[in-house]
Amino acid sequence: MINFRKGSKNEFSKLPADAGFDDRTEIIRRHLAEVFGSKNLSFLIGSGCSSYMHDSHEFGIPTMGPLAGEFQATLHGIPSLPSSGAFVTIEQRDALKDRLGIDLMHNDFQKNLERMMEVLMTAQQFCKTSSKPEFQEALETVDAVIAGVKKFILQKCTDGCFAHGDEKVVTLYRRFYQSLATRSRGLAPPWVFTTNYDLFNERAMDRSGIPYSNGFAGTIERRFNPSTYRRALAEQLDISSKRWAAVDGYVHFCKLHGSVNWTEEETGLFPIRESAEKLDPAKDRVMIYPTPSKQAASFGSPYSDMFREFQRQIVQDQSVLFVMGFSFGDEHINNIIFQGLTLPSFRLIAFLNPDDAYNPVTKELAALGDPRISFIWGNDEGTGKKAHYFDSIVQDLVPTSADQKEEQAIEKVFKKLLSKQQGGENGEG
């Protein structure tokens with residue numbers, strides 16, 4: 001069942017017991033349309049928005065649990081398995097266990113890549129500080145394994161069905177950004193923050209002709225310069241009187257944990273560079289990998305600049321934050337959200353199950369019964385759609401722009417005509 005809870009209040013309590021999916025989503029859509037008109041609107045997009053479900057299978061970029069499972073498959077050393085031994089060799093795996101007692105195939109790591117990285121980085125630090133020759137030799141193995149895990153994550157974020165013609169995830173993002181066009185003229189541009197490294201957001205905005213700032217300036221050599229977030233995009237209305245107006249649909253975009261196309265140069269006032277070309281897989285990227293040191297890493301540039309923007313936006317007057325595909329697993333991000341909740345005008349709308357026994361943060365938020373905090377989650381038995389999944393959010397819940405309504409109407413007509421045509425052909429046969 002689809003659920004919508006605002007504080008401790010069930011927003012569907014007045015619906016009849018037999019109310020269906022459309023009745024419930026219509027209530028959510030009307031509420032979100034009102035919220036989209038807020039003075040300061042922000043979105044936090046997590047890894048759950050980089051994939052979609054089809055026939056019980058996940059496509060796109062796996063979330064953390066499945067990602068860890070796929071990495072485990074590469075450790076078995078079975079030639080028939082894809083990528084077996086490509087990131088961490090059997091020799092490295094065995095040497096790590098023999099020299100340091102670290103079993104990469106331990107149950108603790110089966111669904112938690114971050115826990116594995118925590119153990120590896122602790123071992124790395126221990127070996128670095130030890131003067132014993134055996135630990136210096138082990139350090140080479142630890143370094144190689146950490147590099148292998150990073151290489152695996154980078155490959156999963158850059159190579160997959162989405163890199164070979166599958167447009168489904170990018171199409172979802174395009175619909176999401178087109179929905180932002182429902183905001184009234186004159187409102188401040190929305191901010192989109194993401195912990196993802198992939199390029200789905202950028203491709204979606206580029207293909208939809210949506211102007212945006214992502215902290216980079218330049219053309220041939222695009223370098224990170226946080227001052228670009230303070231700039232506005234305007235169009236001249238009247239040449240004679242020099243009248244200007246802000247361009248509609250403008251978006252501020254921040255990648256809080258870095259990106260697969262960011263590298264660091266050794267020279268220049270702004271050393272972080274964004275590339276549109278295919279980069280060498282061996283070249284280091286400016287990315288905060290899933291490790292326990294994520295919070296410490298966020299204190300350095302360019303991350304500190306983007307987290308400053310995140311904090312600045314959250315504490316704005318009448319600020320609303322949508323949380324999608326993010327399960328409150330990053331303490332440094334949670335702290336900023338909690339800071340926003342100290343302000344009376346702040347509102348939080350999270351697409352996840354507040355009663356998840358494995359997520360203590362959401363349980364604590366739900367226990368507050370705060371009407372400023374809303375949760376939307378659950379699945380429809382008839383359609384199989386899950387309200388907290390990105391495809392359902394953009395297709396069924398967020399407001400629809402006039403252009404999207406036209407596209408959807410045309411799409412329905414084509415589907416109906418195609419169905420009739422196929423029916424006729426089947427009849428003739």
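The residue among Phe326, Gln295, Asn353 whose Cα reaches farthest toward the positive pole of the charge dipole of the range 279-411, with charges on the beta-carbon of Lys, Arg, Asp and Glu, is Gln295.
Between the amide H of Asn40 and those of Val320, distances stay under 5 Å, these residues lying 5 or more places away or on another chain, with hydrogens modeled in the peptide plane. Summing charges over neighbours of Arg5, with a neighbour being any other residue whose Cβ is under 10 Å away from its Cβ, gives 0 when K and R count +1 and D and E count -1.
For the cross-link pairs Lys6/Lys385; Lys97/Lys128; Lys9/Lys111, which exceed 25 Å when the distance is taken from alpha carbon to alpha carbon?
Lys9/Lys111
Once the C-beta distance of Tyr358 and Phe126 is scaled by a Förster radius of 25 Å, the resulting FRET efficiency is 0.25 to the nearest 0.05.
The structure-derived value of Cα extents along the principal axes in Å appears in the list (1) 70, 43, 40; (2) 60, 56, 35; (3) 70, 67, 52 under the label (3).
Among complete DSSP H helices in the chain, those whose alpha-carbon atoms stretch at least 20 Å along the helix's long axis and whose mean Kyte-Doolittle hydropathy reaches -0.5 are 113-129, 133-158. Farthest towards the positive end of the charge dipole of the chain, among the residues His57, Gln313, Met117, is the Cα of Gln313, using unit charges on the Cβ of Lys, Arg, Asp and Glu. For His54, the shell of other residues with beta-carbons less than 10 Å away shows a net charge of -2, using +1 for Lys and Arg and -1 for Asp and Glu.
A simple packing score, the average count of other Cβ atoms within 10 Å per residue, orders the peptides 170-178, 100-108, 333-341 as 170-178, 333-341, 100-108, with the highest score first. Computed from Cα atoms alone, the Kirkwood hydrodynamic radius reported for the range 225-375 is 18.4 Å.
Per-residue ellipticity at 222 nm, computed for the chain from helices alone with -39500 (n - 2.57) per DSSP H run of at least four residues, works out to -12000 deg cm²/dmol. Note on the range 1-104: Cα-only Rg and Dmax are 22.9, 64 Å.
What the Cβ-Cβ distance of Lys168 and Leu269 gives, at R0 = 30 Å and to the nearest 0.05, is a FRET efficiency of 0.15.
Relative to the globular-protein estimate of 2.2 N^0.38 Å, the Cα radius of gyration of the range 63-149 stands at 1.07. Net charge of the neighbourhood of Ser374, taken over other residues with C-beta under 11 Å away and scored Lys/Arg +1, Asp/Glu -1, is +3.
We did not get these values from a lab; they are worked out from the coordinates using the rules stated. Keep in mind that this is a model prediction, so the values were computed, not measured. Neighbour counts run over all protein chains shown; Cβ positions are idealised from the backbone, glycine included.
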